[in-house]
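**Q** Provided herewith is a single structure, encoded as structure tokens, for subsequent inquiry.
The values are calculated or read from the model by the stated rules, or taken from the named source; none is laboratory data. Worth saying up front: this structure is predicted, and the values here are computed from it rather than measured. Ideal geometry is used to build each Cβ from the backbone, glycine not excepted, and the neighbour counts take in all protein chains shown. Areas reflect the complete protein model, heavy atoms only, side chains present, ligands, DNA and RNA absent. Shrake-Rupley method; radii C 1.70, N 1.55, O 1.52, S 1.80 Å.
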Amino acid sequence: MTVKEFLKQYGEAERQAERLKKEYQEEVERIGSIKSPTDNDGMPHGTSISKTVELQAIRLAEKAEEYKNAQIYAMKKRQEVFDVIWNVPGVEGQILYERYINLKNWDDVAESVHYSLQHVHRLHGAVLLELQNVIE
């Protein structure tokens, strides 16, 4: 694994957790849109709705578990990446932190360290070469 792949693990895990969160929220909305069997005339009309609700509740619980596990995984990856970045001194460490922990785009990274975009890319490349030995 290259150092860049290692550093990107947190961002990828965070995006996966966000996708699962969205799926969970959509499932909650679907369940909320199910009509009660007594909505039309106040009288119950069979039990088929309970099967649907039961299946949806099971799916919702599964989505919640997936989301929770994805959050935990993302937190672990964040800590692993942070532990490596923490040992990088100076502006190089700040560049890595902004890019791989705060998940900023390159323009925002350059702005936060008050360097040109080109210089940020040069520093980033140099520090990646140095870190490759640490990761291995």
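**Q** Looking at Leu131, Leu123, Leu96, can you tell me which residue is out of contact with any strand residue (DSSP E or B) (no Cβ under 9 Å at 6 or more places or on another chain), surrounded by 14 or more Cβ atoms within 10 Å (Cβ to Cβ) and at pLDDT below 95?
**A** Leu131
**Q** Answer yes if at least one residue in region 99-106 is surrounded by fewer than 17 Cβ atoms within 10 Å (Cβ to Cβ), at pLDDT 95 or above and in contact with a Gly (Cβ under 8 Å, 6 or more places away or on another chain), and no otherwise.
**A** Yes, there is a match, as at least one residue in region 99-106 is surrounded by fewer than 17 Cβ atoms within 10 Å (Cβ to Cβ), at pLDDT 95 or above and in contact with a Gly (Cβ under 8 Å, 6 or more places away or on another chain).
**Q** Within region 70-129, can you find the residues that are outside any helix (DSSP H, G or I) and either in contact with a helix residue (DSSP H, G or I) (Cβ under 8 Å, 6 or more places away or on another chain) or at positive phi (or both)? Write out each step before concluding.
**A** Kept after step one, since they are outside any helix (DSSP H, G or I), are these residues of region 70-129: 87-89, 102-105, 114-116.
Asn87, Val88, Leu103, Lys104, His114, Tyr115, Ser116, listed by residue number.
**Q** Name the pairs: first residue in region 121-134 and under 19 Å from Glu98 (Cβ atoms) and of a type in the set (Val, Ile, Thr), second residue open to solvent by 30 Å² or more (accessible area, probe 1.4 Å) and modelled with pLDDT of 95 or more, Cβ to Cβ under 8 Å, at least 6 apart or on different chains?
**A** Filtered contacts from region 121-134: Val127/Glu92.
**Q** Scan region 9-31 for residues that are open to solvent by 60 Å² or more (accessible area, probe 1.4 Å) and either in a loop (DSSP other than H, G, I, E, B) or out of contact with any Phe, Trp or Tyr (no Cβ under 7 Å at 6 or more places or on another chain) (or both) and jot them down.
**A** The answer is Glu12, Arg15, Gln16, Glu18, Arg19, Lys22, Glu23, Gln25, Glu26, Val28, Glu29, Arg30.
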